Amino acid sequence: MRPPHAALTETLRRVDALLVKSGRTRAEVLDADRLSWETGVPVPVVAALVGGQDVPEEEFGDRIRTRILHLRRTRRRPDGSRYSYSEIGASFSASGAALSAIVNGRSKCGPLAATQAGIEKFFFGQANGFLSAEAVPALNAALQPVLARLEHETDPLAEALSRYDDVRGVALRQARDLPEERWNVLNATLKALLELDVKEGAR
């Protein structure tokens, strides 16, 4: 497994390469506010990491507290008000006072794994590691849908690969190693066929 920073750097490199193809900029597709909303990583930290800077990771307990506050601030009741600690805790048989103590730093230890899982299930429907995920891997994971979308927008072969999980998919993957001249011919042909397929499907 690659180190987290190496994985993020590679993701950003791939994003940049696709942006060059599409004639767009990072500012047009990488929304720091949205990425912060998805990950719980503060906007300035998101911006710094996307910019290639090293940012000190929060201490584990601080990270948990920050993420709980983030969830209460960004995932609210239908009427727009925040969920109380009592509501959250009641969903997995914990007291609101216990959760409040964790968030306010009065608890002598960080939350147990069961408490973390309970909070995540309350907000996401399942335990997903949101509260404890370090900033770099959390951001890298949030960038994967962006990367996939760019690949589909700029590479007809990516769309074709997603359709086929058989010998056709193997052949298409091998085609990516063709010399550039032949690849350009195949790429143009695939693009024309996919556009034709869309037109026929719309009839």
Candidate set from the stretch 178-203 (those that are among the basic types (Lys, Arg) and over 19 Å from Glu153 (Cβ atoms)); member that is modelled with the highest pLDDT
Arg182
Mind checking whether some residue in the stretch 27-41 is of a type in the set (A, V, I, L, M) and without any contact (Cβ under 8 Å) to a residue 12 or more places away in the chain?
yes
Cβ-Cβ below 9 Å, separation at least six or inter-chain, first residue in the stretch 77-100 and within 16 Å of Gly125 (Cα to Cα), second surrounded by 15 or more Cβ atoms within 10 Å (Cβ to Cβ) and β-branched (Val, Ile, Thr): which pairs?
Ile88/Ile68; Ile88/Ile119; Gly89/Thr115; Gly89/Ile119; Ser91/Ile119; Phe92/Thr115; Phe92/Ile119
Failed condition for Ala98, given (1) buried (at least 17 other Cβ atoms within 10 Å of the Cβ); (2) farther than 30 Å from Arg13 by Cβ:
(1)
Selected residue (only one of Val15, Val55, Val20, Val45 is of a type in the set (Val, Ile, Thr), within 20 Å of Ala148 (Cβ to Cβ) and in contact (Cβ under 8 Å) with a residue 40 or more places away in the chain)
Val15
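Among residues belonging to the stretch 102-151 that are among the aromatic types (Phe, Trp, Tyr) and assigned to a helix (DSSP H, G or I), point out the one that is surrounded by the fewest Cβ atoms within 10 Å (Cβ to Cβ). Step through it out loud before you land on a result.
Initial filter on the stretch 102-151 (among the aromatic types (Phe, Trp, Tyr)): 122-124, 130.
Next, from what is left, pick out any that are assigned to a helix (DSSP H, G or I): 122-124.
Working: Phe122: 17, Phe123: 19, Phe124: 12.
Step by step, filter the stretch 102-151, then rank; the result is Phe124.
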Looking at the stretch 51-71, which of its residues are farther than 15 Å from Thr115 by Cα and either buried (at least 18 other Cβ atoms within 10 Å of the Cβ) or touching a strand residue (DSSP E or B) at 6+ places or on another chain (Cβ under 6 Å) (or both)?
His70
Among the residues of the stretch 67-94, what is the count of those that are part of a helix (DSSP H, G or I) and either more than 18 Å from the chain's Cα centre (by Cα) or more than 29 Å from Val15 (Cβ to Cβ) (or both)?
10
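The values are calculated or read from the model by the stated rules, or taken from the named source; none is laboratory data. Keep in mind that what you see is a predicted model, and the values were worked out from it rather than measured. Please note: Cβ atoms are built from the backbone with ideal geometry, for glycine as well, and neighbour counts cover all protein chains shown.
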